1. Are there any helices in the chain, counted as whole DSSP H runs, that stretch 27 Å or more along their axis by Cα and score at least -0.5 on average by Kyte-Doolittle, and if so which?
2. How large is the direction-averaged shadow of the alpha-carbon convex hull of segment 36-170, in nm²?
3. Dipole of the chain, Cα-centred, from +1 at each Lys and Arg C-beta and -1 at each Asp and Glu C-beta, to the nearest 20 debye?
4. Once you have the Cα-Cα distance between LYS40 and GLU27, take 0.36 nm times their residue separation minus that, and quote the gain in nm to one decimal.
5. Ranking ILE164, ILE105, ILE117, ILE28 by Cβ neighbours within 10 Å, fewest first, what do you get?
6. Could you line up MET1, MET144 from fewest to most neighbouring Cβ atoms inside 10 Å?
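Laboratory data are not the source of any read-out in this text; all were calculated from the coordinates shown. In this text, all values refer to a predicted model and were calculated from it rather than measured experimentally. Here the Cβ positions follow ideal geometry from the backbone for every residue, glycine too, while neighbour counts run over all protein chains shown.
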Amino acid sequence: MFLATAGLAARSLPEANFVFVATAGHEIGHGGMEFFLHDKAPKPDGRVVWVHYGASLACYRQPANADHPETAPEVDARLRFLGTSESLAATAVRAFVNVEAIKMIGDQAAVGELRDIKRAGYPNFLGMFGLHPLFHTPSDSAEMTGPAALEPVARAFAAAITEIVDKPPH
């Protein structure tokens, strides 16, 4: 999804400025995010919008079944969350209408790296994150996701990002 978003930005949104960052250290207090926010990120203002692709945003309830590849595994929407600032809530609702997730807005949505982003003073954020049964275990693997889970989420993020570029938050 990260690379798909970069492709969308280059192909369809040339008038917008994007900064792509992948951080490490999620398990140890968001060390990579903390470093980036402190030393490398654009300064907080009303024009900066954070889009966060968190862990488990498009994961199956259980690993794909190799014996029945034609059957798409289900996503457990009870363990997937869409978090947005109040400024982007309407955009998120429109863009993610076909993606099941627990929706969280404002302070309630400031979870994980979004908490760091909000605490650093950024007023506009949108992100998806969650858990799945194998999260942070040795058995967690690529079989926990696939096109059936990723495509609707990628389309929703593309729609949201396009809308934000076309109508930036105030």
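1. 147-166
2. 8.8
3. Here the size comes out at about 500 debye.
4. Fully extending the segment from LYS40 to GLU27 adds 2.6 nm.
5. ILE28, ILE105, ILE164, ILE117
6. Sorted ascending by nearby Cβ count, the order is MET1, MET144.
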